[in-house]
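The values are calculated or read from the model by the stated rules, or taken from the named source; none is laboratory data. Keep in mind that this is a model prediction, so the values were computed, not measured. Every residue, glycine among them, receives a Cβ derived from its backbone with ideal geometry; neighbour counts consider all protein chains shown. Heavy atoms of the whole protein, side chains included, go into the accessibility calculation; ligands, DNA and RNA do not. Shrake-Rupley method; radii C 1.70, N 1.55, O 1.52, S 1.80 Å.
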Amino acid sequence: NSLSGTNAVVLAAILGAMIGVDMGGPINKIAYTFAVGAYVEGAYAVSAPVMVAVSIPTIALAIAPFLAPNKYTFEEKLAQKSAIVMGAIGLTEGAIPFAVTDPLRVIPMSILGCSLGAALAAAFCISNTLLIPSLIGMSGVNNIPLYLLAHAIAVAVCVVLINLIKKVVPEEDR
C-alpha cells in the first residue's frame, strides 16, 4: 500500500512483462496470483495494472490483422475473431495462436505491450475495487478515462510494432 511513484510503475512494468511472456502460462499465473494477493490485502493499485496488462496482446492481435491483412495467415485471421472477445474479457491466451505461428515477433511485442499497459496504469494511479480484468472490469475503476487510455496506448503501440516487424505472408497462406 505504500508503493508510489517510480516504485509502483517499476513493479507494475515487471508484473506486466510477466503477464505477457507466456500468455497464460506459469509465469503469467505467478504475476496474476501476486495481483490477487495484493487485491485481497486491499492494494487495489497493485492489482489494477495487472488487470490492464492481461488483455493487451489479445486486443492488439485482434486489431492488427485488420490494418495489415497481408501479414497474417488465414488461420490467424480465424483466431482474430475469438481474440476480440477474449481480449475484452481479459484472457491473454487469445494471443497464443499468433505466438505459435510467429513467436520471435509476437512474444516480445506481448511482453512490451503488457509491461507498457501496466506501467501506464500505475503511472495514472489506477485502482480497481473489482478483481475483474480488461474492459469488463472497468466499473470498479477509480478513473475510467485513464484506464481506457492505458489500454489504448499499449494496444496502439503493439499494433504498430507487430505490423512493422511481421513479414508479408505468401498469397496462398492468406
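Annotations
- Verdict on residue 141 being within 30 Å of residue 73 (Cβ to Cβ) and either surrounded by 16 or more Cβ atoms within 10 Å (Cβ to Cβ) or of a type outside the set (D, E, K, R) (or both): no
- Residue pairs whose Cβ atoms lie under 7 Å apart, separated by 6 or more positions or on different chains, with the first residue in segment 136-156 and among the polar types (S, T, N, Q) and the second in a helix (DSSP H, G or I), do not occur.
- There is no residue in segment 44-66 that is part of a loop (DSSP other than H, G, I, E, B) and either more than 23 Å from residue 159 (Cβ to Cβ) or out of contact with any helix residue (DSSP H, G or I) (no Cβ under 9 Å at 6 or more places or on another chain) (or both).
- In this structure, residue 31 does not satisfy being closer than 29 Å to residue 169 by Cβ, open to solvent by less than 20 Å² (accessible area, probe 1.4 Å), part of a helix (DSSP H, G or I) and modelled with pLDDT of 95 or more.
- Scanning segment 56-106 for residues that are over 23 Å from residue 31 (Cβ atoms) and β-branched (Val, Ile, Thr) yields 63, 73, 84, 101.
- For segment 86-171, the helices (runs of 4 or more DSSP H) that sit wholly inside it and include 2 or more residues that are of a type in the set (Gly, Ala, Ser) are 103-123, 144-165.
- For segment 51-77, the set of residues classified as in contact with a Pro (Cβ under 8 Å, 6 or more places away or on another chain) and either closer than 16 Å to residue 164 by Cβ or surrounded by fewer than 20 Cβ atoms within 10 Å (Cβ to Cβ) (or both) consists of 71, 72, 75, 77, listed by residue number.
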